[in-house]
1. Note down all Cβ pairs under 6 Å where the first residue falls in the range 36-59 and is without any contact (Cβ under 8 Å) to a residue 40 or more places away in the chain and within 12 Å of residue 19 (Cβ to Cβ), the second is part of a strand (DSSP E or B) and near the ligand (Cβ under 7 Å from one of its atoms), and they're at least six residues apart or on different chains.
2. I'm trying to understand the selection: among the residues of the range 125-145, which are crowded, with 21+ Cβ neighbours inside 10 Å and in a helix (DSSP H, G or I)?
3. So residue 194 passes all but one of these: (1) in contact with a helix residue (DSSP H, G or I) (Cβ under 8 Å, 6 or more places away or on another chain); (2) within 16 Å of the ligand (Cβ to nearest atom); (3) within 28 Å of residue 141 (Cα to Cα). Which condition number does it fail?
4. If you check 151, 194, which single one turns out to be assigned to a strand (DSSP E or B) and within 30 Å of residue 118 (Cβ to Cβ)?
5. Checking residue 167 against (1) within 16 Å of the ligand (Cβ to nearest atom); (2) surrounded by fewer than 23 Cβ atoms within 10 Å (Cβ to Cβ); (3) within 25 Å of residue 51 (Cβ to Cβ), which test does it fail?
6. Which ones in the range 23-42 are crowded, with 20+ Cβ neighbours inside 10 Å and within 12 Å of the ligand (Cβ to nearest atom)?
7. Out of (1) more than 21 Å from residue 235 (Cα to Cα); (2) in contact with a helix residue (DSSP H, G or I) (Cβ under 7 Å, 6 or more places away or on another chain); (3) at pLDDT 95 or above, what's the single condition that is false for residue 89?
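The values are calculated or read from the model by the stated rules, or taken from the named source; none is laboratory data. Just so it is clear, the structure is predicted and the values come from calculations on it, not from any experiment. Glycine gets a Cβ as well: all are built from the backbone with ideal geometry, and neighbour counts include every protein chain shown.
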Ligand SMILES: Nc1ncnc2c1ncn2[C@@H]1O[C@H](COP(=O)(O)OP(=O)(O)OP(=O)(O)O)[C@@H](O)[C@H]1O
C-alpha cells in the first residue's frame, strides 16, 4: 500500500480551478521536490497534505485513510519566512514543538516531561548546529539559523511527513548550500518523507529523490485562471551524486529534462505575466 496517495484530486477556490486531476502515489522515505510557475497550486497541494485545505474532488489518503483536517503531529511544516516565536528562546521554541504535540490543552510540559523535552531539544539543536545558540532569541539569529531553528521545531515531533514551503528561498547562496547538506543529512538519518516546494529547478533536481512539476497544460489568454494545473512531470532522480550535482542535473538525461522543465515552466510564467498574474521562477 502507498504511504500517501492522491486519487483524481482537484481543488477549486470558489469558481477558480487551481489543481486538476492530481494522481500520485508516494512511498515512505521519499524526498519529493516540487516546482512550477507561481500560482500553479504548489502551496495549495502542500496545504492539502497538511490538512489545512481539503480536496474539492477526489481522495487524499495517508496510510490508506483520508487525510484529516486536524492539526497532527504526523506532519511538520516549515515555511519560507521564519515560523518561529520571537518572544521565546531558541531552546524554548524547539521545546514548544513538543509541548504542542504532547500537552494539547495547556501547551506546557512540567517536571520530568519537561526535563526530557529539554534534553531531546538540545540533541536536536546539536544536530542542526544551533546548540551554542540555545539561549538566544530569534532576532539574534541569522536567516539561515532561523530556518535551522524552524526545521528543529518541526522535527522534534518526529513527524512522518515534513512539509517544506520554499524553506531556503530567502537565504544567501552560501547559506543555502549549508542548508542543503543539513536537510539531506537529516533526511538520511530520520527516513522522514519530505515534500518540498522550491522556485529553483536546480535545487529540486539536487535535493529530491523525486521531482514533480506542476504546470498548466491548457491556457486561455483571455481567462488566465480558467484552467488548473496538474503534474506534468513525475521524475525519479538519481541519488548517487548528491553533493556533486550542479543545476544541470547529474546525467545527460537529467540535463535534457532540466531544460525541458525550465522551458515549459517559463512558458507558463510568461503567459501568466502577459495576463497580469505575477509569477516568479528561478532558473
Ligand atoms: N485561500 C485561498 N482562497 C482563494 N484563492 C486562493 C487561496 N489560496 C490560494 N489561492 C489561489 O490559488 C492559486 C494557487 O495558489 P498557490 O499559492 O497554491 O500557488 P503556488 O504555486 O504555491 O504559488 P507561489 O509559487 O507563488 O507560492 C493562486 O491563484 C492563488 O491566488
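1. From the range 36-59, the pairs are 44/18.
2. 125
3. Exception for residue 194: condition (2).
4. 194
5. If we test residue 167 against (1) within 16 Å of the ligand (Cβ to nearest atom); (2) surrounded by fewer than 23 Cβ atoms within 10 Å (Cβ to Cβ); (3) within 25 Å of residue 51 (Cβ to Cβ), just (2) comes out false.
6. Passing the criteria: 34, 35, 36, 37, 39, 40, 41, 42.
7. The single condition residue 89 does not satisfy is (2).
The rows are residues; the columns are (1) in contact (Cβ under 8 Å) with a residue 60 or more places away in the chain; (2) more than 14 Å from the chain's Cα centre (by Cα); (3) assigned by TED's automatic domain parsing to the domain that holds residue 40; (4) over 28 Å from residue 257 (Cβ atoms).
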position	(1), (2), (3), (4)
113	no, yes, no, yes
116	no, yes, no, yes
140	no, yes, no, yes
165	yes, no, yes, no
171	no, yes, yes, no
190	no, yes, yes, yes
200	yes, no, yes, no
203	yes, no, yes, no
210	yes, no, yes, no
